Amino acid sequence: MRNRIIIPFFFIVFLGFQFQSMAQFTSEELAEREKWEEFLKTAKIIGQEQQKSREAVTEPWDLTLEKNGVTRKALWKNAEGRMKGFIENWKWEIAAYRLDKYLELNMISPTIEKKFRGERGSCQLWVDYWIKAEEKNEKKIKVPPYKIFYYNRATYLRWAFDNLIANEDRHSGNIFITKDWRIILPDHSRTFRTSKKFTKNLIYTEKYKEGPKIMKELPRAFVEKLKSLNFELIRDIVGEYLTDKEINAVLLRRVLILKIINERIKKLGEDKVLY
């Protein structure tokens, strides 16, 4: 993705120790989420440009949308099947967003289905973010001391979510960071894997290939939502955007995540694991 191809609504900068919930979008942004979903569905396409680069494996389109004098940018994908050695599917973008909403992570920008050039695809709202994790790492930019606590908690939550949806494509180039150190997540067309590799094991654990990545602390609300998931509920949440096999794979990973959480609670105590 180019640096301007991002996702969510307008970011409001918080200073110092102002309250931060587990949600990475602000309450003001979340209050407008349904409005932007409707905008994406009904706005007229007045501009279009396809991304053509080595990084843009799915070759998505940058769309300019307009409705009632309001103009916004969006990212449209119709990738489906094997592309440059990877299995991609635009439907997983929508399924990930819908699960993000149900679990109340609120890390993914409004994403809906929209037809473009006569084809179905996912359409995700974007605005400017501050920096990618990739650039942060390259420039050795440190999280401010007063933000480390919240930034770490958001990272543990991101690992849990990517574990649940089997996101094998999360890397520092698709982790967006706002000026006030919130984490926003794009790119979910390479998720919801169903092979044994992704149903017998989680991606982010203490045995992660690049070093331990442990879900140290998680919100109680998230864990309760996770516990509530069953086949019928996930089907209601994601609709046609996941197959039965993909839903069952999510449930298998749910069991693995809850097992790790329960083991940590038994070892460390609930107050050290859940908040």
**Request:** Quick one: count up the residues across segment 7-48 that are closer than 23 Å to GLY173 by Cβ and either at pLDDT 95 or above or in contact with an Asp or Glu (Cβ under 6 Å, 6 or more places away or on another chain) (or both).
**Result:** 1
**Of all residues making up segment 49-75, the number that are free of Cβ contacts under 8 Å to residues at least 40 places away in the same chain, within 19 Å of ARG170 (Cβ to Cβ) and of a type in the set (A, V, I, L, M, F, W, C)** = 1
**Fill in**
Pairs returned, first residue in segment 243-256 that is in contact (Cβ under 8 Å) with a residue 40 or more places away in the chain, second residue that is of a type in the set (Lys, Arg) and surrounded by fewer than 21 Cβ atoms within 10 Å (Cβ to Cβ), beta-carbon separation under 9 angstrom, 6 or more apart or interchain, are GLU246/ARG193; ALA249/ARG193; LEU252/LYS200; ARG254/LYS227; LEU256/LYS200
**Prompt:** Are there any pairs, at least 6 apart or on different chains, whose C-beta atoms fall under 8 Å, with the first in segment 141-164 and surrounded by fewer than 18 Cβ atoms within 10 Å (Cβ to Cβ) and the second among the acidic types (Asp, Glu) and part of a helix (DSSP H, G or I), and if so, which?
**Reply:** ILE141/GLU135
**Request:** For segment 250-269, name all the residues that are under 21 Å from PHE161 (Cβ atoms) and among the charged types (D, E, K, R).
**Result:** ARG253, ARG254, LYS259, GLU263, ARG264
**Prompt:** Can you find a residue in segment 175-193 that is at pLDDT 95 or above, of a type in the set (Phe, Trp, Tyr) and more than 24 Å from THR58 (Cβ to Cβ)?
**Reply:** yes
**Prompt:** Only one of (1) farther than 24 Å from ILE247 by Cα; (2) of a type in the set (S, T, N, Q); (3) without any contact (Cβ under 8 Å) to a residue 60 or more places away in the chain fails for ASN78. Which number is that?
**Reply:** (1)
**Prompt:** Do we have any residue at all in segment 66-87 that's among the hydroxyl-bearing types (Ser, Thr, Tyr) and within 20 Å of the chain's Cα centre (by Cα)?
**Reply:** no
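The values are calculated or read from the model by the stated rules, or taken from the named source; none is laboratory data. Treat the numbers as computed from the prediction; the structure is a model and nothing was measured. Note that each Cβ is placed from the backbone with ideal geometry, even for glycine, and that neighbours are counted across all protein chains shown.
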